[in-house]
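Every read-out reported here was derived from the displayed coordinates using simple, explicitly stated rules and does not represent laboratory data. Predicted model only: the values in this text are computed from it and were never measured. Glycine gets a Cβ as well: all are built from the backbone with ideal geometry, and neighbour counts include every protein chain shown.
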Amino acid sequence: MAEQHNILVILGHPTAESLCAGMARAYAEGARHAGAQVRFLDLGQLAFNPLFQGYGATQPLEPDLLTAQADITWAHHLVWVYPIWWGAMPALLKGFIDRTFLPGYAFKYRKGSSLWDKLLAGRSAELLVTMDSPPWYFRWVTRMPGHHQMKKAILEFCGIRPVRVRSFGPVRTASTERLALWVEKARQLGLRQGARAATGKPCLAPATSSPSSPSQ
């Protein structure tokens, strides 16, 4: 029997009743229904200081952050669900990454070299990102700063790949029916990835299209 792959769903929206929260829960439910091992991390419920003091400061990790690091280490596939605010992720999610993706855990610079070791390699990721802007506007006009930040500058920098980005919007003008369709879409994505994880297959095949595509 193939080794089962573990899925960690991370909710990066601070509000438990948000669209992102509904999508994150639906994804987790779908993946569990398909037989995958799933853990759920709600950043809004964690007790930690999101204000990073810098690498030179003494800032011990709170117990919730130590548990979060253990969950990330456990996972083979990371699902991040969060909104785009002012072109990028919420401060809560950025603070979580600042505090947990530390040297020696997520990456390690090589002495005397401009290269680094990617300590989270061997994991894939999927981003479910909501926005008030139409995805085409975010892609062609603002040039997707938040997508590039998360995919390129954070996850791939630490060795997590492939990273697939899925954009949902515009939320502000979406009907109740459309919002429900997005939640169901998240559930179906969870079912599909959960089925792959339950059989030990890679959670994501390498993406052949650009992560900027609104259809991803």
Checklist entry - For the residue pair residue 188 and residue 73, what label-to-label distance in nm results when each label sits 7 Å from Cα along the Cα-to-beta-carbon direction? => result 3.8
Checklist entry - Who wins for biggest fluctuation among 33, 13, 76 in a Gaussian network model of the chain, springs between alpha carbons below 10 Å? => result 33
Checklist entry - How would you classify the stretch 1-121 from its alpha-carbon gyration tensor, with a ≥ b ≥ c the square roots of the eigenvalues: rounded for a/c under 1.5, else prolate if a/b is greater than b/c, otherwise oblate? => result oblate
Checklist entry - Top mean-square fluctuation among 133, 167, 124, Gaussian network model of the chain, C-alpha springs under 10 Å? => result 133
Checklist entry - What residue among 174, 28, 16 shows peak mean-square fluctuation when the chain is described by a Gaussian network model with Cα springs under 10 Å? => result 174
Next on the checklist: Between residue 136 and residue 91, how high is the FRET efficiency from 1/(1 + (r/R0)^6) when r is the Cβ-Cβ distance and R₀ = 25 Å? Nearest 0.05.
Outcome noted: 0.45
Checklist outcome for this item: The answer for trypsin sites (Lys or Arg not before Pro) in the stretch 93-123 that fall in a DSSP coil and have at most 12 neighbouring Cβ atoms within 10 Å is 110, 111
Item to check | the stretch 174-195-the stretch 26-89 distance, computed between alpha-carbon centres (Å) | outcome: 21
Checklist outcome for this item: The relative contact order of the stretch 93-150, taking Cα pairs under 8 Å that sit 6 or more residues apart, comes to a percentage of 17
Next on the checklist: Tell me the label only: which of (1) 1, 8, 16, 18, 17, 13, 10, 7, 5, 3, 1, 0, 0; (2) 1, 6, 11, 15, 13, 10, 8, 7, 6, 5, 3, 2, 2, 2, 2, 2, 1, 1, 1, 1, 0, 0; (3) 1, 7, 15, 19, 21, 18, 11, 6, 2, 0, 0, 0 is P(r) over Cα pairs in 5 Å bins from 0, in percent as calculated from this structure?
Outcome noted: (3)
Item to check | the stretch 2-82: GluC sites (Glu not before Pro) falling in loop per DSSP and having at most 15 other Cβ within 10 Å | outcome: 3, 17
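What is the calculated FRET efficiency for residue 47 to residue 181, with r their C-beta to C-beta distance and R₀ = 25 Å, to the nearest 0.05? Spell out each step's value before the answer.
Values: r = 35 Å, r/R0 = 1.39.
Calculated value: 0.10.
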Checklist entry - Taking a 19 Å limit on the Cα-Cα distance, which of the listed pairs 152/201; 118/152; 108/152; 118/151 fall beyond it? => result 152/201
Checklist outcome for this item: Of the candidates 114, 124, 144, the farthest towards the positive dipole end of the stretch 104-154 (Lys/Arg Cβ +1, Asp/Glu Cβ -1, centred on the Cα centre) is 114
